[in-house]
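Written below as structure tokens is the structure these notes are about.
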Amino acid sequence: MAPPSHPGALVPGTLQCPTHSHYSICTRTCQGSCAALSGLTGCTTRCFEGCECDDRFLLSQGVCIPVQDCGCTHNGRYLPVNSSLLTSDCSERCSCSSSSGLTCQAAGCPPGRVCEVRAEARNCWATRGLCVLSVGANLTTFDGARGATTSPGVYELSSRCPGLQNTIPWFRVVAEVQICRGKTEAAGQVHIFFQDGMVTLTPNKGVWVNGLRVDLPAEKLASVSVSRTPDGSLLVRQKAGVQVWLGANGKVAVIVSDDHAGKLCGACGNFDGDQTNDWHDSQEKPTMEKWRAQDFSPCYG
């Protein structure tokens, strides 16, 4: 007598088979999978005792599903229906649906997030070392302290502190805070200085390297690249771990790697993990006033 094949059938001395599968003395599970249907896996000639999917069902993520519900393939990977994945650089997200099949859209990680695999999942994960100067001239330091500039001007957001020549490569980020439309404060020009040159970003999306306007993407400096993100923002990357992002609305973000912790000076703070020392000095004066860039603003004393 043939073994029972209804869901959950128990075959004496063998296995409890899950829904839409049955016991077989010689099964090749990989041949009966959605991945195999897509040509993503192969099988040996050997078989084994176990459960295999019923007719018109295939294995997907350990469950037997109707053949028509099998998922999609993308660059050699199988995606079940109603699932998605990010490409290795998080620049694209691809989704699989039963109605439209595989669709891909531009993605990318926003400032303050990095493309990494954590907890077995690739995503845009929050990163440490993010300082943001947002519209309205509100500043959030590397350590998370929040405050506001007191008036328009040119401010030094971040730089390597003096006396640390042999720790991290030198850099300096200077941003202009200006009045827009008579009342709103936003960033104007942003100047980023490195050991091998200077990059200037402007609100109208112009980019200058060492005083010359460049087309993007650009790698005019040995250690620095400048590019445009999918949303039209500008991104400057230094190989040593400094990124500067300028958004269309005058928002600026400075992102530094953990190597910079405790070695920074500027309005963005020292990145020492203590936000209580970011917004006031020993005389309780707001640090934004302390970090006016005098060489850019001679009228401010």
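What number of residues within the stretch 220-249 satisfy the criterion of being in a loop (DSSP other than H, G, I, E, B), open to solvent by 10 Å² or more (accessible area, probe 1.4 Å) and of a type in the set (Gly, Ala, Ser)? The number of residues fulfilling the criteria is 6. All of (1) modelled with pLDDT under 85; (2) within 12 Å of the chain's Cα centre (by Cα); (3) outside any strand (DSSP E or B); (4) not acidic (Asp, Glu) hold for ASN123 with one exception: (3).
Reported count of residues in the stretch 236-272, each being free of Cβ contacts under 8 Å to residues at least 60 places away in the same chain and under 14 Å from the mean Cα position of the chain (by Cα), is 1. When SER134, SER97 are checked against the criterion of being polar (S, T, N, Q) and more than 27 Å from SER227 (Cβ to Cβ), a single residue qualifies: SER97.
Within the stretch 135-151, take every residue that is within 20 Å of ALA248 (Cβ to Cβ) and at pLDDT 80 or above and give me the one that is surrounded by the most Cβ atoms within 10 Å (Cβ to Cβ). Selected residue: LEU139.
I'm trying to understand the selection: among the residues of the stretch 250-259, which are of a type outside the set (Ser, Thr, Tyr), more than 15 Å from ALA187 (Cα to Cα) and open to solvent by 20 Å² or more (accessible area, probe 1.4 Å)?
Filtering the stretch 250-259 for residues of a type outside the set (Ser, Thr, Tyr) gives 250-256, 258-259.
This time we only want the ones that are more than 15 Å from ALA187 (Cα to Cα), so: 255-256, 258-259.
Listed by number, the residues that qualify are ASP258, ASP259.
Determine whether the stretch 267-286 contains at least one residue that is more than 17 Å from ARG128 (Cα to Cα), open to solvent by 10 Å² or more (accessible area, probe 1.4 Å), in contact with a His (Cβ under 9 Å, 6 or more places away or on another chain) and modelled with pLDDT under 90. Looking for residues that are more than 17 Å from ARG128 (Cα to Cα), open to solvent by 10 Å² or more (accessible area, probe 1.4 Å), in contact with a His (Cβ under 9 Å, 6 or more places away or on another chain) and modelled with pLDDT under 90, one finds at least one in the stretch 267-286, hence yes. Being assigned to a strand (DSSP E or B), of a type outside the set (Asp, Glu) and within 22 Å of LEU234 (Cβ to Cβ), is that true of even one residue in the stretch 69-78? No, every residue in the stretch 69-78 fails to be assigned to a strand (DSSP E or B), of a type outside the set (Asp, Glu) and within 22 Å of LEU234 (Cβ to Cβ). Checked against (1) at pLDDT 85 or above; (2) open to solvent by 60 Å² or more (accessible area, probe 1.4 Å); (3) under 16 Å from CYS131 (Cβ atoms), LYS290 passes all but a single condition, namely (1). Report yes if GLU116 is acidic (Asp, Glu), assigned to a strand (DSSP E or B) and modelled with pLDDT of 85 or more, otherwise no. Answer is no for this residue.
The values are calculated or read from the model by the stated rules, or taken from the named source; none is laboratory data. Every value quoted in this text rests on a predicted model; they were computed, and no experiment measured them. Cβ atoms come from the backbone with ideal geometry, glycine included; neighbour counts cover every protein chain shown. Areas reflect the complete protein model, heavy atoms only, side chains present, ligands, DNA and RNA absent. Shrake-Rupley method; radii C 1.70, N 1.55, O 1.52, S 1.80 Å.
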